[in-house]
Amino acid sequence: MPRKTSASLKQNLTLLDATAINIGAIVGAGIFVVTGIVAGLAGSAMVISLLLAALVSFFTALSFAELAAFLPSEGGSYEFAYQLISPFAGFTAGWMWLLSNVFVGAALALGFSQYLATFFPAIPVRLVAVAITVVFAILNVVGAKSSAQVNNVLVVAKLAILAFFVAVGVGHIKAGNLQPFDPFQPGVLYGAYFVFFAFAGFARVTLLAAEVKEPRKNVPRSIMLALLISTIVYFAVGVTAVGLAGPQKLADSGSPLAAAISVLGSGWMAQLVAAGGLIATASVLLTTILGVSRLSFAMAQRKALPSALGRLHQRFDTPYVAIAIGSLLMVLLVFVSDIAQVVAVSTLASLAYYALGNVAALRMPSRQYPSVVSWLGVISCVGFSLFILVKTPEVWGIGAAMMAAGALYYYIVRRLSLPK
């Protein structure tokens with residue numbers, strides 16, 4: 001029988017598991033879908049967008065690596081902001097991350113179904129999205145180690161497919177597709193904003209740091225390893241894709257990498273790359289459910305969310321209520337999710353989450369890296385956010401509504417908890 005408890009979660013994730021969880025959260029639907037969006041914005045200079053997004057991620061990753069070594073507990077930026085800034089700052093960080101990733105989970109489930117529909121056109125897309133969400137929720141209830149083992153297989157598979165894409169495509173790059181190369185056009189910065197969506201999972205394992213063996217060492221290492229590997233993969237795939245097909249062909253396709261490899265005239269190669277998109281969305285969905293449940297669990301432990309979310313299953317020692325509620329919300333959103341707006345809103349929420357993490361790093365009593373690293377993290381996150389305000393102010397409207405709803409909830413809960 002399940003039980004309500006604040007007992008510790010099991011420490012059974014290795015450095016390999018932790019790194020794979022981060023890579024699983026990074027190298028996913030972003031590289032298989034967002035590549036086309038960025039190509040349409042930045043043209044042949046999309047590789048500069050990739051590098052800018054990686055640079056912004058690098059500053060924040062260093063802050064999170066330090067924070068994870070200092071506070072190796074469940075909750076990620078929620079815990080960091082709570083301990084080092086204020087309880088309200090922590091709640092805001094956690095609230096924004098949860099809302100954005102519940103929406104992302106629904107979009108990923110739909111993305112998985114849509115990729116599957118390229119192989120089996122007759123399938124009911126939304127019902128399949130519901131089914132894959134339920135299957136991964138059950139897998140998460142069984143345990144983080146089981147989820148990590150499945151994720152490890154998915155990560156190896158999608159990295160192998162991307163390596164195949166680069167190995168086959170690099171010899172067929174056409175120099176003309178890389179021209180004109182204008183790294184100073186506004187579309188490059190706008191494209192970097194969208195690429196940040198693809199990089200945003202680099203600190204996913206901080207949400208379940210309490211389940212990692214030797215977390216003070218392995219969590220920081222996994223963050224930097226995952227970001228380094230993912231940046232190399234993104235750069236190689238981006239250059240190959242543009243060189244093969246040109247930015248316009250990528251921008252016109254919902255499956256840009258499959259479209260790029262299809263110029264070689266091989267149907268099976270295009271299908272293989274499409275299968276990589278299927279695997280990638282599955283991998284990120286799995287780690288998204290994992291992350292949402294662990295952050296909900298951490299917040300429930302402090303009564304910031306309903307205490308039922310903090311219950312652990314008696315047999316599996318997993319936050320089964322948090323897994324069930326988060327997955328249920330994703331299932332409901334499957335029927336209303338809009339992938340384009342999800343990307344923009346989720347990125348804005350992630351920037352707020354990471355900006356608070358950088359501020360928390362500045363409040364640490366001792367630092368491994370100079371404070372300028374975290375300041376650059378804050379400035380870059382805020383700068384990206386302000387840039388999107390100019391380009392698409394409606395996204396800020398949605399983000400502001402999400403934050404206001406969180407602030408109202410926090411105020412009501414706080415008032416109810418005060419002594420009469």
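Would you point out the residue of segment 60-70, among those that are among the hydrophobic types (A, V, I, L, M, F, W, C) and crowded, with 22+ Cβ neighbours inside 10 Å, that is farthest from PHE387 (Cα to Cα)? Quick ask: steps written out before the conclusion?
Filtering segment 60-70 for residues among the hydrophobic types (A, V, I, L, M, F, W, C) gives 61-62, 64-65, 67-70.
Next cut, crowded, with 22+ Cβ neighbours inside 10 Å only: 61-62, 64-65, 67-68.
Values: ALA61: 21, LEU62: 23, PHE64: 24, ALA65: 27, LEU67: 27, ALA68: 29 Å.
Taking the candidates together, the pick is ALA68.
Is it fair to say LEU52 is surrounded by fewer than 22 Cβ atoms within 10 Å (Cβ to Cβ), within 25 Å of LEU278 (Cβ to Cβ) and not hydroxyl-bearing (Ser, Thr, Tyr)? If you could, list the steps in order and put the result at the bottom.
On the way: surrounded by fewer than 22 Cβ atoms within 10 Å (Cβ to Cβ): yes; within 25 Å of LEU278 (Cβ to Cβ): no; not hydroxyl-bearing (Ser, Thr, Tyr): yes.
When the stated conditions are applied, LEU52 does not pass them.
Can you tell me which residue is surrounded by the most Cβ atoms within 10 Å (Cβ to Cβ) among those in segment 295-320 that are among the aromatic types (Phe, Trp, Tyr) and in a helix (DSSP H, G or I)?
Step one: list which residues in segment 295-320 are among the aromatic types (Phe, Trp, Tyr), which gives 297, 316, 320.
Pick out the ones that are also in a helix (DSSP H, G or I) and you get 297, 320.
On the way: PHE297: 27, TYR320: 23.
Here the answer is PHE297.
In contact (Cβ under 8 Å) with a residue 60 or more places away in the chain, under 20 Å from ALA209 (Cβ atoms) and within 15 Å of the chain's Cα centre (by Cα): is that true of SER57 in this structure? So that I can check it myself, show each step before the final result.
Numbers: in contact (Cβ under 8 Å) with a residue 60 or more places away in the chain: yes; under 20 Å from ALA209 (Cβ atoms): yes; within 15 Å of the chain's Cα centre (by Cα): yes.
When the stated conditions are applied, SER57 passes them.
Please enumerate the residues belonging to segment 358-376 that are within 15 Å of ALA89 (Cα to Cα), in contact with a Leu (Cβ under 6 Å, 6 or more places away or on another chain) and crowded, with 16+ Cβ neighbours inside 10 Å.
ALA360, ALA361
Would you please name the residue that is surrounded by the most Cβ atoms within 10 Å (Cβ to Cβ), looking only at residues in segment 1-37 that are of a type in the set (Ser, Thr, Tyr) and at pLDDT 75 or above?
THR35
Quickly run through segment 239-268 and pick out the residues that are surrounded by fewer than 18 Cβ atoms within 10 Å (Cβ to Cβ) and assigned to a helix (DSSP H, G or I).
Listed by number, the residues that qualify are GLN248, VAL263, LEU264, GLY267, TRP268.
Please verify whether segment 197-207 includes one or more residues that are over 24 Å from SER63 (Cα atoms), at pLDDT 85 or above and touching a Ser or Thr at 6+ places or on another chain (Cβ under 6 Å).
First, pick out the residues of segment 197-207 that are over 24 Å from SER63 (Cα atoms): none.
No: zero hits.
I'd like the residue in segment 131-149 that is of a type in the set (Gly, Ala, Ser) and either outside any helix (DSSP H, G or I) or modelled with pLDDT under 85 (or both) and, out of all such residues, is surrounded by the fewest Cβ atoms within 10 Å (Cβ to Cβ).
First, pick out the residues of segment 131-149 that are of a type in the set (Gly, Ala, Ser): 131, 137, 143-144, 146-148.
Keeping just the survivors that are either outside any helix (DSSP H, G or I) or modelled with pLDDT under 85 (or both) gives 143-144, 146-148.
Values: GLY143: 19, ALA144: 27, SER146: 16, SER147: 25, ALA148: 26.
Going through the qualifying residues, I end up with SER146.
Please state which one of ILE398, ILE323 is surrounded by 18 or more Cβ atoms within 10 Å (Cβ to Cβ) and over 21 Å from ALA81 (Cβ atoms).
That would be ILE323, the only listed residue that is surrounded by 18 or more Cβ atoms within 10 Å (Cβ to Cβ) and over 21 Å from ALA81 (Cβ atoms).
Has segment 271-294 got at least one residue that is in a loop (DSSP other than H, G, I, E, B), surrounded by fewer than 20 Cβ atoms within 10 Å (Cβ to Cβ) and more than 19 Å from the chain's Cα centre (by Cα)? Reasoning before the result, please.
Quick first cut of segment 271-294, residues in a loop (DSSP other than H, G, I, E, B) only: none.
Within segment 271-294 (the criterion being in a loop (DSSP other than H, G, I, E, B), surrounded by fewer than 20 Cβ atoms within 10 Å (Cβ to Cβ) and more than 19 Å from the chain's Cα centre (by Cα)), the answer is no, since none of the residues qualifies.
Considering segment 41-79 alone, what residues qualify as being in a helix (DSSP H, G or I) and among the acidic types (Asp, Glu)?
Filtering segment 41-79 for residues in a helix (DSSP H, G or I) gives 41-70, 77-79.
Result: GLU66, GLU79.
The values are calculated or read from the model by the stated rules, or taken from the named source; none is laboratory data. Predicted model only: the values in this text are computed from it and were never measured. Heads up, the Cβs are rebuilt from the backbone with ideal geometry, glycines too, and the neighbour counts pull from every protein chain shown.
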